[in-house]
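First comes the structure, then the notes that go with it.
Nothing in this text is a laboratory measurement; each read-out follows from the coordinates by a stated rule. Quick caveat, the model's predicted, so the values are computed rather than measured. Here Cβ is always computed from backbone atoms with ideal geometry, including for glycine, and neighbour counts include all displayed protein chains.
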Amino acid sequence: MKAFYHKSLWTLFLILLPYLGWSQGEHPNLVLTAKGVEDLRTNLGKYPLLDKTFNKVKTRVLQALDEEINIPIPKDPGGGYTHEVHKQNYKKMYEAGLLYQIEQNDAYAEYVKKQLLGYAAMYPSLGLHPERKSSNPGVLFWQGLNDSVWLVYVSQAYDCVYDYLTKKERKEIEKNLFRPIVKFFSEQNVVNFDKVHNHGTWMVAGVGMISYVMGDEEMVQKTLKGSKLDGQSGFLKQLDELFSPDGYYTEGPYYQRYALMPFILYAHTLSHRNPELGIYEYRNGVLPKAVEAVLQLSYTNGRFFPINDALKEKTYNTAELVYGVDIAFTHFGQDAGLLSIAEEQGELMLGEEGVAVAKAIAEGKAKPFNYRSLELSDGSEGKNGGLGILRDGDQKDQLCLLMKYSSSGMGHGHFDKLSFSLYDKGVEVLQDYGAVRFLNTVQKQGGRYLPENKTWAKQTVSHNTVVVDAQSNYKGKQKVADKLNSEMFFTVFEDPKVQIISALDTTAYEGVKMQRTMAMISKGEHQKPWIIDLFRVNAEEEHQYDLPFYYMGHKIDSNIPFKIHSNQWNTMGDDHGYQHLWNMAEGNAASHLASFTWLQNERFYTLTSVANTETKYFMTQLGANDPEVNLRKDSGFMIRQPKAKAHTFLSVIEAHGEFNPNAEYTVNSESQLKDLKLLADTEEGSVVMLEDNSSQRWVLMIANQDAAKESKHTVTANGKTYEWVGPYQLQEMTSEL
C-alpha cells in the first residue's frame, strides 16, 4: 500500500511538473526578459557589436514608422508581393517591440498595436490561402510553415507591448487573431501540429509562445506533449526523435539550421518560464550538442554542407544561428570559438545573451572556431548510420571531406548512400548538387522545389557514389528509403598520419553489399594529404556499376584517349537522373591507371583510378531534358564497370600545384602519384599501395569484416602475406613489393 501511495505521488508530480511555478507573469518574458532589457539599457554604448546591431535595428524600425502600414489580403505564393509584405510585417513588429522595451518610446508600441489590430480586423474573414500547399496549408502564407514563423516573431512583439495595450485592445487582438490562429494550428491543422518534423516544431513553438503570453497553460501543455496530451507528439517528442545523441538533425544541416530557431527560442522560453523542466539538460543536453553539430556541418567559408535538399549558398550568417550562437555561448559554457562565429555574423540577438557575446568580443576573448574531424551519428538512438568529417589544415586552407552513410532524411532526403563531397582552399572541389530550387522566386514556380529536384537532385547518379544498373537506391522509393540506412564500420581521427572513415550498406540495392573506405593520408608538412577512395561492391549476380565524380572547375588533362562526341550528344540514360546527363565523351584507359586533372580556385586536382580492360570512362555535362533551364551546367567524370559480380573501385584524389594568373606562373600542375595498386582484396581485408614521384611508398591495409582494435588480420595475395592488428595499418615502404 505504501509503495502504491509513493508511486501515485510520483505519477501526480510528473503530471503536474510542467504546471509548477506557472504564472502569466511579467512582460516581456519569452526570449527577451526583464533582465535582458536592463542589460541592454545599461550596456548600450559600451560594446561595438552591440551598438552596431542596435543601430541597424533602430534604422529599420524608424524607416518602418515613416511608412504606411500595409496588411494586404493574402494571395501570392512564396516570393510574391503579399508573401513578402507579411514576412516584413512580422519582422518589423518584432523589432519595434524590442525597441519599445529598450527605449520606452510609445511610438514603437503604437506601431505594433496598429499592426496587431489591423491583422485582428482582417484575419476572421480569411480562408485558406489561394496558393496553399496541400500538405500543410496556410492562411497568411501559402504554407502553414510560414504562418508558424509569423507567429513565433509576432508572439514576441505582443509580449513586448503587452503592458502598453489596454485590456480591451488585448481582448480584441487575442479573440480575433491569436486564438483563431492557435485553433487553426491545433485543431484544423492538427496533423502538422502533431507531426515530428521541422514544420511541427515551428508550429508548436509559435503556439506555445503566444499561449504563454495569453496565459493559456492548457495549450502550452499541448505544445509540449501533443494535442492529445499523451506525449506521442509535441515539442518533447520532437527533441526525442529528430536529433541523434550527437545532436545531428535527421534532415541534414540545411534544415537543422532552420529548425534550430524554434527549438532554441521555445527552449529558451521554457528555461525561465518552467525551469524545473531542465530543458537545456534534456536528453543529456541534446540542444547544446545540436548547435555544435550544425556549426561542425559547415565548411570554413561558413556554408553548410549541402546534403539532402539544401541551398548551397546558405551560411551560418542567418538569424537562426545568431540566436543559436548567442544563447549557446551564454548558457552552454562560453565557448570562445563561438565568438569568432558571432564576429563573422556581424550581429547579435538583442537580449542579455547578445550583451554577453558583445562584451566577450570587446574584451578580446574570441578564438577561431574549432573545426575538427568527427563522426555524427544519425537516428534518435544513434543507430541509423551517420556522417563522417575529415579535416586537415587551418581555416584559411583546409582540406575537408564529408562522407554520408546516414538514414534517408525523411521527405527532404536524397538517394545517396555512401556518397561524399570534398572541399579545399575555401571552395567545393567535388560537389553534392544540393537542391533544385530558387527560393522565393515567383517565376520559378513560386519558389517551390522544382520538378528536377526529384528527377535529378534526389537521384543516386547526381552524387559521388556507386549506382547499380543505372537505378537509384531503393529504386527511387522514398517510403522504402525512410525505413533503412547505411552503417558505420569504423572511424579513425586521432592518428596524425592517417584519418579514415569506413561505412557499409546492404540495403540500397537488393543482393548488393557495398563498403566504402575513405582515408586522408598525411604526406608531411607543407603538402596536402592524399585521399584514398576504396569502394568495394559485391553481389551474387552480374551488374553494371557506375561511379561518378562531379568536379568544380575546368578540365586540364587526362591520360584517357577520350572519343569526343562533337557532332551529337546523347543522354546517359532514360530515367533515374541519367536522362539529365549528356554524354560528351567516352573512352577506355590506355594503361592500368586512368587519371583526370582539373583546375579549381587556382589549384590543381587529379583523380587517379585503377583500371582494367573493361573499365569505361565518360565525361558528362548536366542539362539534358531541362526545358525550363532549372539545372546548372555542371561537369562530371564517370567510371563504369559494365559487367561484374564484384568490383572494387580504387582511386586517389590529390591537390597539387598552383596557377597564378596575376604573377603569371604555374607550378606542379601534374600529379605527384607515380603508381597505385590494389595488392590484395579479399573478404578479410584490402591492401593498397601508393608511390609518389620520389619513389616513396605507402601501404594501407584495411579490414573488411572485423574492425575491432584487437583483431588480427592476415591476407595473402600473389605469393605475399600481409598481417596487421586492428581495423587498419599504414606502413611506409622502402623495399620492393
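In table form, for the structure just shown:
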quantity	calculated
Karplus-derived 3J(HN,Hα), 6.51/-1.76/1.60, for each residue of segment 723-730, Hz, glycine and proline x	10, 7, 10, x, x, 7, 7, 10
Estimated Rh, segment 281-351: Kirkwood, alpha-carbon pairs, angstrom	12.7 Å
For Ala585, distant residues with modelled amide H under 5 Å away	His565, Met619
Too-long pairs where the Cα-Cα distance tops 20 Å, listed order kept, from Lys91/Lys113; Lys87/Lys237; Lys52/Lys314; Lys289/Lys458	Lys87/Lys237; Lys52/Lys314; Lys289/Lys458
Calculated P(r) tail over 17 Å for segment 100-144, as whole % of Cα pairs	52 percent
Dipole magnitude of the chain about its Cα centre (Cβ charges: Lys, Arg +1; Asp, Glu -1), debye to nearest 20	1460 debye
Table column - 3J(HN,Hα) (Hz), segment 314-324, Karplus curve with 6.51, -1.76, 1.60, x for Gly and Pro	6, 10, 7, 7, 10, 4, 4, 7, 4, 4, x
Bins of 10 Å, starting at 0 and running to the largest distance - Cα pair percent for segment 576-620	22, 41, 34, 3
Volume in Å³ per residue [convex hull over Cα atoms, computed for segment 626-737]	213 Å³
Cβ-derived FRET efficiency at R0 51 Å, Asn55 paired with Lys513, nearest 0.05	0.25
Dimensionless Rg over Rh [segment 674-737; C-alpha; Kirkwood]	0.98
Overall Cα dimensions of the chain, principal axis frame, Å, largest first	89, 72, 51
Estimated D of segment 374-671 in µm² per second, where Rh is the Kirkwood radius over Cα pairs and Stokes-Einstein applies at 10 °C, 1.306 mPa s	80 µm²/s
For segment 62-116, fraction of C-alpha pairs farther apart than 15 Å, in %	47 percent
31 Å Cα-Cα threshold exceeded, pairs from Lys46/Lys222; Lys417/Lys712; Lys477/Lys497; Lys195/Lys477; Lys56/Lys175	Lys46/Lys222; Lys477/Lys497; Lys56/Lys175
Highest-first arrangement of 555-564, 505-514, 47-56, where packing means the average Cβ count within 10 Å	505-514, 47-56, 555-564
Neighbourhood charge, 14 Å Cβ-Cβ cut-off, centred on Lys477 and excluding it, Lys, Arg +1 and Asp, Glu -1	+3
Estimated dipole of segment 374-671 in Debye, rounded to 20 [Cβ of Lys and Arg +1, of Asp and Glu -1, Cα centre]	600 debye
Residue (of Thr465, Gly388, Ala107) at the positive-pole extreme of the chain, dipole from beta-carbon charges	Ala107
Cα gyration tensor category, rounded, prolate or oblate, for segment 401-535 with a/c compared to 1.5	oblate
Under 15 Å, Cβ to Cβ, from Ser407 - net charge with Lys/Arg +1 and Asp/Glu -1	-4
Rounded FRET efficiency, nearest 0.05, which uses the C-beta distance separating Lys114 from Lys46 and R0 of 30 Å	0.35
Over 20 Å [Cα-Cα, segment 236-297], rounded percent	18 percent
Coarse-grained scattering of segment 319-373 at q = 0.16, 0.18, 0.19 Å⁻¹, given as base-10 log I(q)/I(0) from a Debye sum over alpha-carbon atoms	-0.38, -0.48, -0.53
Over segment 643-694: Rg over Rh, Cα atoms, Kirkwood Rh	1.20
Shape box of segment 547-650 [Cα atoms, principal axes, largest first, Å]	42, 38, 26
Radius 12 Å from Cβ of Gly573, net charge of other residues (Lys, Arg +1; Asp, Glu -1)	-3
Radius of gyration and maximum dimension Dmax of segment 355-469, Cα, Å	18.3, 60
Charge dipole (debye, nearest 20) of segment 242-371; +1 at Cβ of Lys and Arg, -1 at Cβ of Asp and Glu	160 debye
Largest-first principal axis extents of the Cα set of segment 54-212 (Å)	42, 31, 28
Of Leu116, Ala680, Pro727, farthest towards positive along the dipole that unit charges on Lys, Arg, Asp, Glu beta carbons give the chain	Leu116
Dipole of the chain, positive end: most advanced residue of Ala336, His27, Leu504 [Cβ charges, Cα centre]	His27
Inter-part distance where segment 710-725 and segment 327-360 are each reduced to a Cα centre, Å	52 Å
Estimated D of segment 242-371 in µm² per second, where Rh is the Kirkwood radius over Cα pairs and Stokes-Einstein applies at 25 °C, 0.890 mPa s	167 µm²/s
Centroid-to-centroid separation of segment 570-619 and segment 278-303 [C-alpha atoms, Å]	38 Å
